[in-house]
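A quick write-up on the structure given underneath.
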Amino acid sequence: MWEKNSGLTDKAQLATLQSVIDLLLAEGRAVKVIFDANIAYKLFGRGMSVEELTRRIARPAADVEMTAKGQIADAWLIDSAFTTGATIVSNDLYRDHPRARFLSMRRGFSHGGVAELLPPR
């Protein structure tokens, strides 16, 4: 959503996600991507299974998960990061989730599907 949220495009871009995954894998990090159930609609205009979404992302080293319909991914993502000690890569500040302020967070930006990550905080 980085390019959409910054007004560079009118919808979410799969290339941005792929670029972020590639950067993290190049750093030697394990990658888990957690989506809300509606992500396929945002990316492709239709629903799809997590298996099909994983194939479309085309990054087999990344573990892709999708919440059940009606479940918010933020809480799942934050709980997962607490459990594993993982760093969350997002520009969301999670102000509505007080526990998130204790987690390692990493922000970034993208232009034309090419992402850059800032150091973790």
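Any read-out appearing in this document is the output of simple, stated calculations on the displayed coordinates, not a laboratory observation. As the structure is a prediction and not an experimental result, all values here were calculated from the model. With ideal geometry, Cβ positions are generated from the backbone for all residues, glycine too; neighbour counts draw on all protein chains shown.
Straight-line reach from Lys42: taking Cα to Cα under 15 Å and skipping same-chain neighbours fewer than 8 places apart, the aspartates and glutamates in range are Glu3, Asp10, Glu52. Backbone amide hydrogens, once placed in the peptide plane, bring Phe35 within less than 5 Å of Glu65, Met66, Thr67, excluding anything fewer than 5 places away on its chain.
The string of couplings for segment 116-121 from the Karplus curve (6.51, -1.76, 1.60, θ = phi - 60°) is 9, 9, 8, x, x, 10 Hz, one whole number per residue in order, with x for Gly and Pro. Taking label positions 7 Å along the Cα-Cβ direction at both Leu93 and Ala30, the computed distance is 3.1 nm, reported to one decimal. What number, in percent, do you get for the relative contact order of the chain if the mean sequence gap of Cα pairs under 8 Å and at least 6 apart is divided by its residue count? Taking the mean separation of contacting Cα pairs over the length of the chain, I get 27 percent.
Of all the Cα-Cα pairs you can form in segment 2-107, what percent are over 15 Å apart? Here the long-distance tail beyond 15 Å is 66 percent of all Cα pairs in segment 2-107.
Remark: segment 23-30, residue by residue, has Karplus-estimated 3J(HN,Hα) of 4, 5, 5, 5, 7, x, 8, 6 Hz, where x stands for each Gly or Pro and the curve is 6.51 cos²θ - 1.76 cosθ + 1.60 at θ = phi - 60°.
Placing R0 at 30 angstrom, the Cβ-Cβ distance between Arg46 and Phe102 gives a FRET efficiency of 0.20 after rounding to 0.05. Backbone phi angles across segment 101-111, fed through the Karplus curve with coefficients 6.51, -1.76 and 1.60 (θ = phi - 60°), yield HN-Hα couplings of 5, 8, 9, 6, 10, 9, 9, x, 8, 8, 9 Hz in residue order; Gly and Pro are listed as x.
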